[in-house]
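Visitor: Before anything else, here's the structure in question.
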Amino acid sequence: MDDSAPATPSSTRRPASGDRLPAFALNEPAVTVTLDQGGFQGAVGRHGPATAPVTLTWSNDRSLAMNSEFGAKEFYAVPAVVAAANRSLADSGSYVRLALGGHSLTNADGERLVVVRPRLANDLDDVVLTRFMHLVQHECVEVAQKLTGGPLGHAVFRGPGGEAVASGIGPKGVTGLPLLAGALTSARPPRNPREAAGATQSADPEQAPGEAYGTSLYHQELQDNEYAIGLNEHARARVGEALTTQTIGSEPRPGVPGNFDFSRNRVPAERIWVYHYAAVVAESSDGGDQITLENFNRNTLMEQLLREAARQTAEAYAGANPGQVMPPPQAMRAAREVLERETRSAMGDMWYFKMYEPGGERSFHAKNRITALNPLTVATTTVPHLLFENHSDVPLPNSAALLDRVAPAWRQSAAPIVIEGHARGGPLPLRNLARKRADAVVAHLVGPASHATASPSGPGRTVIVRWRRSTRRTAPRNTYGQPRLTAPRPGSRFSRMSYGSVECAGSRST
């Protein structure tokens, strides 16, 4: 990633493109309240053009560029980058796609980069020429889940060679990541992706691991393991996955403030979050740099805007009624009546793009660790969980619909898909039911006509079926024999994923 050149880029717009949006835009939330004969009127501003000159951040291979200022509403890319990103987003089940606008610029090699903006998956590409995408969600994890296609309950540990293992970490990482942090400072820390996945399924530590983990963050042994596992600065997400930096809590003790950060040996001045998530939506042609689309909890901003609206309401009232004053509570009530719904809606429009380079000081971890205590960063993904009729291999309607959505893309993909049939307790009847349900998923994916001739070597034909005994950590209560598509999802780059330390009763390729 390079922030140095050019400092004052020139962009061009194709006259026939119809692009009405700025070449560079930023989030600019603002409210306006006026008073006329019809009563108070309000409006919420969301974004505006960036002030020239704009400084660009470039990917190392010059296939990506974006405004270095916080809050950028677009990035620039060679068209091939966008095409590849949209394939990965579609395969992940994302509700969002990328589309090209009418502005372009040229890199140092003479290649043309076109402005890129997001759109909802059901919209047409030309919608990005006239308006920015609206999301209902604004909290970081909700936005990331929208962009990745589902709940982000699995960490992905991807080593430097690309090998990947996934493991359940619970909603928002609350169960698995503290266990991993504790294991990293134990006598036998995990040293590869599979061992890290197994650590997330280990027993609860005797005490919160934040202090031991935080004080070890800059030790060479832990840094070597981070590289080998794919943690922190070396967390390696793919397009259609997400990154999260989490606070690892520490055990309370007298004389130590509850917000003490042992990784910095001080109480931080910055605002601290329990977690922050960002979805990876594109990567450079060489895979070295990534673009995320993200947002964060905007409730504080919303209240600030409403207080400003209340101030303007009282000011407008005083201007129309000389000598009279509107009490603050009344002004706030009037402001909320006029603008609260629109202001809340505008928070979902405050999304922005950022560029990161995994592996160093420009990584997601490096840029977000100051907002967490004893920070731990992992890649994270969603793994579909399929539900069936009781004591049957017939999927429930929502699960059947999910398989219908997955099947066409999977059949065109060269990546295998792993199916684990879970049986709680492990008696033989439940094991058999788990196997039957996994076989039913196979049949649904490959289709009745091709099920008998499925070949491990053909595109979209490799199905690895596993049975696994469920435990308290790996299956919800009363989930008997429910299979999970444990990944790789269609089109993903995983060669194999599983749940931590998996003990299989048997497997076969179909």
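Visitor: Filter the stretch 169-196 for residues that are on the phi > 0 side of the Ramachandran plot and crowded, with 22+ Cβ neighbours inside 10 Å and give the result.
Guide: Of all residues in the stretch 169-196, those on the phi > 0 side of the Ramachandran plot come to 170, 172-173.
Selection gives Gly173 alone.
Visitor: Separate question: Please find, within the stretch 83-94, the residue that is nearest to Arg405 (Cα to Cα) out of those that are touching a strand residue (DSSP E or B) at 6+ places or on another chain (Cβ under 6 Å) and either acidic (Asp, Glu) or open to solvent by 10 Å² or more (accessible area, probe 1.4 Å) (or both).
Guide: For the stretch 83-94, the residue satisfying everything is Ser88.
Visitor: Of Ala346, Ala314, Ala279, Ala318, which residue is closer than 19 Å to Asp36 by Cα and touching a helix residue (DSSP H, G or I) at 6+ places or on another chain (Cβ under 9 Å)?
Guide: On inspection, the qualifying residue turns out to be Ala314.
Visitor: Being under 15 Å from the mean Cα position of the chain (by Cα) and of a type in the set (Val, Ile, Thr) is the filter; apply it to the stretch 143-168 and report the residue that is modelled with the highest pLDDT.
Guide: So the residue we want is Val143.
Visitor: Would you point out the residue of the stretch 202-216, among those that are in contact with a strand residue (DSSP E or B) (Cβ under 8 Å, 6 or more places away or on another chain) and assigned to a helix (DSSP H, G or I), that is most open to solvent (accessible area, probe 1.4 Å)?
Guide: Per the criteria, the residue is Glu211.
Visitor: Just checking, does the stretch 445-468 include any residue being more than 28 Å from the chain's Cα centre (by Cα), at pLDDT 60 or above and of a type in the set (S, T, N, Q)?
Guide: Taking every residue of the stretch 445-468 in turn, none turns out to be more than 28 Å from the chain's Cα centre (by Cα), at pLDDT 60 or above and of a type in the set (S, T, N, Q).
Visitor: If you don't mind, another one. Check the stretch 101-121 and report whether any residue there is touching a residue at least 24 places away in the same chain (Cβ under 8 Å), within 17 Å of the chain's Cα centre (by Cα) and not in a strand (DSSP E or B).
Guide: yes
Visitor: Can I ask one more? Restricting attention to the stretch 29-69, which residues are of a type in the set (S, T, N, Q) and over 30 Å from Pro322 (Cβ atoms)?
Guide: Once the filter is applied, which keeps residues that are of a type in the set (S, T, N, Q) and over 30 Å from Pro322 (Cβ atoms), the stretch 29-69 yields Thr51, Thr55, Thr57, Ser59, Asn60, Ser63, Asn67, Ser68.
Visitor: State yes or no: is Pro190 within 19 Å of His385 (Cβ to Cβ) and in a loop (DSSP other than H, G, I, E, B)?
Guide: no
Visitor: Ok, one more. Tally time: how many residues in the stretch 64-80 are under 19 Å from the mean Cα position of the chain (by Cα) and open to solvent by 10 Å² or more (accessible area, probe 1.4 Å)? Give the derivation first.
Guide: Start the filter on the stretch 64-80 by keeping residues that are under 19 Å from the mean Cα position of the chain (by Cα), which leaves 70-75.
If we keep only those that are open to solvent by 10 Å² or more (accessible area, probe 1.4 Å) too, we end up with 70.
The number of residues fulfilling the criteria is 1.
Visitor: Does any residue in the stretch 252-271 that is open to solvent by 60 Å² or more (accessible area, probe 1.4 Å) and part of a strand (DSSP E or B) come within less than 8 Å, Cβ to Cβ, of a residue that is among the hydrophobic types (A, V, I, L, M, F, W, C) and at pLDDT 90 or above six or more places away or on a different chain, and which pairs are these?
Guide: These pairs meet every condition: Arg266/Phe260.
Visitor: Let me ask you something else. Please verify whether the stretch 361-376 includes one or more residues that are crowded, with 21+ Cβ neighbours inside 10 Å, farther than 30 Å from Phe262 by Cβ and out of contact with any Gly (no Cβ under 8 Å at 6 or more places or on another chain).
Guide: Scanning the stretch 361-376, I find no residue that is crowded, with 21+ Cβ neighbours inside 10 Å, farther than 30 Å from Phe262 by Cβ and out of contact with any Gly (no Cβ under 8 Å at 6 or more places or on another chain), so the answer is no.
Visitor: Taking the residues in the stretch 368-399 that are assigned to a helix (DSSP H, G or I), out of contact with any Ser or Thr (no Cβ under 9 Å at 6 or more places or on another chain) and modelled with pLDDT of 85 or more as candidates, determine which candidate is farthest from Ala197 (Cα to Cα).
Guide: So, considering only residues that are assigned to a helix (DSSP H, G or I), out of contact with any Ser or Thr (no Cβ under 9 Å at 6 or more places or on another chain) and modelled with pLDDT of 85 or more, the one farthest from Ala197 (Cα to Cα) is Pro397.
One line per residue, one yes/no per condition, for (1) charged (D, E, K, R); (2) under 25 Å from Ala52 (Cβ atoms); (3) touching a Ser or Thr at 6+ places or on another chain (Cβ under 8 Å):
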{"residue": "Met66", "(1), (2), (3)": "no, yes, yes"}
{"residue": "Ala72", "(1), (2), (3)": "no, yes, no"}
{"residue": "Tyr76", "(1), (2), (3)": "no, yes, yes"}
{"residue": "Ala85", "(1), (2), (3)": "no, no, no"}
{"residue": "Ser94", "(1), (2), (3)": "no, no, yes"}
{"residue": "Arg97", "(1), (2), (3)": "yes, no, no"}
{"residue": "Gly110", "(1), (2), (3)": "no, yes, no"}
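Visitor: Quick one: Phe157 ticks every box in (1) in contact with a strand residue (DSSP E or B) (Cβ under 8 Å, 6 or more places away or on another chain); (2) under 30 Å from Glu221 (Cβ atoms); (3) open to solvent by 20 Å² or more (accessible area, probe 1.4 Å); (4) among the hydrophobic types (A, V, I, L, M, F, W, C) bar one, so which box is it?
Guide: Of everything listed in (1) in contact with a strand residue (DSSP E or B) (Cβ under 8 Å, 6 or more places away or on another chain); (2) under 30 Å from Glu221 (Cβ atoms); (3) open to solvent by 20 Å² or more (accessible area, probe 1.4 Å); (4) among the hydrophobic types (A, V, I, L, M, F, W, C), Phe157 misses just condition (3).
Visitor: Separate question: Within the stretch 77-93, identify whether any single residue is modelled with pLDDT under 95 and outside any helix (DSSP H, G or I), and answer yes or no.
Guide: The answer is yes; a qualifying residue exists.
Visitor: Have a look at Ala166, Ala199 and point out the one that is over 25 Å from Gly48 (Cβ atoms), in contact with a strand residue (DSSP E or B) (Cβ under 6 Å, 6 or more places away or on another chain) and buried (at least 19 other Cβ atoms within 10 Å of the Cβ).
Guide: Ala166
Visitor: What number goes with the only condition from (1) crowded, with 23+ Cβ neighbours inside 10 Å; (2) free of Cβ contacts under 8 Å to residues at least 12 places away in the same chain that Ala242 does not pass?
Guide: (2)
Visitor: Answer with yes or no whether Thr247 is modelled with pLDDT of 95 or more and either out of contact with any strand residue (DSSP E or B) (no Cβ under 6 Å at 6 or more places or on another chain) or small (Gly, Ala, Ser) (or both).
Guide: Here the answer is yes, as Thr247 does meet what is asked.
Visitor: Assess whether Gln201 counts as being under 30 Å from Val267 (Cα atoms) and not acidic (Asp, Glu).
Guide: no
Visitor: Follow-up. Would you please name the residue that is farthest from Glu283 (Cα to Cα), looking only at residues in the stretch 104-132 that are among the basic types (Lys, Arg) and crowded, with 18+ Cβ neighbours inside 10 Å?
Guide: It comes out as Arg119.
The values are calculated or read from the model by the stated rules, or taken from the named source; none is laboratory data. Keep in mind the model is a prediction, meaning the values are calculated, not measured. For neighbour counting, all protein chains shown are included, and Cβ atoms are generated from backbone atoms with ideal geometry for every residue, glycine included. SASA here: full protein model, heavy atoms, side chains in, ligands and nucleic acids out. Shrake-Rupley method; radii C 1.70, N 1.55, O 1.52, S 1.80 Å.
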